[in-house]
Structures are given as structure tokens and as C-alpha cells.
1. Of (1) under 28 Å from the mean Cα position of the chain (by Cα); (2) surrounded by fewer than 15 Cβ atoms within 10 Å (Cβ to Cβ); (3) farther than 20 Å from residue 79 by Cβ, residue 42 satisfies all except one. Which?
2. I'd like the full set of residues that are in a strand (DSSP E or B) and surrounded by fewer than 16 Cβ atoms within 10 Å (Cβ to Cβ), limited to segment 48-67.
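Computed from the coordinates by the stated procedures, all read-outs in this text should not be read as laboratory data. Predicted model only: the values in this text are computed from it and were never measured. Neighbour counts run over all protein chains shown; Cβ positions are idealised from the backbone, glycine included.
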Amino acid sequence: MQSKIGEIYEGKVTGVTNFGAFVKLSNGESGMVHISEVASVYVKDIHDFISEGQDVKVKVLAINENNKISLSIKQTQPAQPKSAPKFQNDGGNFKKRPPRPAGQPDFQKRAAAPAGPMSFEDMMSKFKADSEEKMSDLKRFTDTSRGRRGNR
């Protein structure tokens, strides 16, 4: 019996690799579930989700000209509600940001911000100092990278 795209079949996992799992379908055909189609969450190690000999429910995604069948496990599972969580970077470890209090703007304040409000003159002098520092660093870098050998 030929598998049809979009149909859901029962199958047994016959092999697990780093990039996916091979499944023998109930109709005798075999296909592969790519690691991205195993679960609706990020899968770092497929062995955490699938093991050899496990019975699974799969959906046929595609059949190419060589009769290779592309399967999905995550599309047979009920849809997860789509909520857009806000994330913050904590040195490479992403975690959920706590909800902001009502009435507070939706941006994070910089750590170097002064405690009190700054006057326009204070902001301008800080900007000028930062700008001069950046320009001197840039000039120092470009002078040394040109390969000067002394005064000519």
C-alpha cells in the first residue's frame, strides 16, 4: 500500500541517529523523521525524545522521486498555544524576563544611568566625552594599523 502525503500512520522506530529517526510504517514502508520534526520544542539530543523500538504516530510530509518518505511526529501532536514570550540574554543563557510592572515603559534601563534625572547640559557633556574617547581610540587604531616607520 502506497503512503499518501498528509496521512497519519502508526509506526515503529527502527533506528535513531543524531539527525533523526527511521520509522517502519504499519503499511510496510519506511521513512525518516528529521530531528526538527520530533517535538514542538528545541531538540538537542534526539535520544531524550525517541528510542529504538518505540511505537510512534507519524504524519507523511513528503515523498520524493526516489520514494524516500519524510515524516513528522510533532505534527501529529495537538497544537501548542502560541504565546510570544519575552526573553533576555544573561551571558548566553536565555531566560524569561519577569513581567514589567504596570505604568513602566517596555525597555530596560542601562546599568550606568545616574540615579537622578540629568539636565540637558549634563547629557551633552557626557555625549561629548564619550564621543571624544571613541574618536581617540579610532585614531590610535588607524595610526598603528597603517604601518608607520617613523616620521617621514
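1. That leaves (3) as the condition not met.
2. Those that are in a strand (DSSP E or B) and surrounded by fewer than 16 Cβ atoms within 10 Å (Cβ to Cβ): 55, 57, 62.
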